[in-house]
Amino acid sequence: MLGVGLIRGINVGGNARVAKADLAAAFVAAGFDDVVTLLQSGNVVFRSKAAPTAKDAAAITAALKESSGVEAAVVLLEERVFRELAAANPLLDASDDDSRLVVTFLDHDLAADLEAPSDEELAPEQVRLGARAVYQWSPLGVSKSTVPMAFWRRVGQVATARNQRTVLRLIAELDRRG
């Protein structure tokens, strides 16, 4: 089965540098095969015999810390789940720039009582909640986001964002390997 690994906060802005070879080696050490890294910011497509687990994510985190000194959260998703979350993005039609349309993938379900900030509060930004994802349209750029930090704290620690351009690159790699 194919899967997607998303590592939080590595190789962004010169911080938490992890070589692609070390990243791939961490996945191999955790028992995954046919590992391919994409771009520089912690995107991995892999094969596994079973659905990835929290134990697998912990093994990757430990291997990365040992090889590079970087401790980073890991979100592992089966191919089917990744594709479903990407396709469920309710803001696809709102976007005219894939670099400003962002999906934050989670390793957990969102709290049932979590509410997205209102469109009025964020204008011109928009945020929508999915099953295991937060969808965000930031027409002024992600660095100018006005989404309150209190909201992100409620989302949870093991979450990592990818823009739509990266999501499409991951889907293309899944298609290529399927």
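What is the residue count in region 138-178 for residues that are of a type in the set (Gly, Ala, Ser), open to solvent by 70 Å² or more (accessible area, probe 1.4 Å) and either on the phi > 0 side of the Ramachandran plot or outside any helix (DSSP H, G or I) (or both)?
1
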State yes or no: is Val81 crowded, with 19+ Cβ neighbours inside 10 Å and either in a loop (DSSP other than H, G, I, E, B) or at pLDDT 95 or above (or both)?
no
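Listed here are the residues, each with its yes/no results for (1) out of contact with any Gly (no Cβ under 9 Å at 6 or more places or on another chain); (2) acidic (Asp, Glu); (3) more than 19 Å from Ile10 (Cβ to Cβ); (4) at pLDDT below 95.
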position	(1), (2), (3), (4)
Ala63	yes, no, no, yes
Ser67	yes, no, no, yes
Ala73	no, no, no, yes
Leu76	no, no, no, no
Leu85	no, no, yes, no
Leu91	yes, no, yes, no
Ala112	yes, no, yes, yes
Phe151	yes, no, yes, no
Expected output for region 124-137 (first residue assigned to a strand (DSSP E or B) and surrounded by fewer than 22 Cβ atoms within 10 Å (Cβ to Cβ), partner at pLDDT 95 or above and of a type in the set (Val, Ile, Thr), Cβ below 8 Å, 6+ apart or cross-chain) is Arg128/Val134
Quick check on this structure: which one of Ala73, Ala88, Ala94 is over 20 Å from Leu23 (Cα atoms), open to solvent by 20 Å² or more (accessible area, probe 1.4 Å) and under 17 Å from the mean Cα position of the chain (by Cα)?
Ala88
Do we have Val35 as more than 18 Å from Leu106 (Cα to Cα), buried (at least 16 other Cβ atoms within 10 Å of the Cβ) and in contact (Cβ under 8 Å) with a residue 24 or more places away in the chain here?
no
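The values are calculated or read from the model by the stated rules, or taken from the named source; none is laboratory data. Quantities reported herein were computed from a predicted structural model and do not represent experimental measurements. So basically every Cβ, Gly included, is an ideal-geometry build from the backbone, and we count neighbours across all protein chains shown. For accessibility, only protein heavy atoms count, side chains too; no ligands or nucleic acids. Shrake-Rupley method; radii C 1.70, N 1.55, O 1.52, S 1.80 Å.
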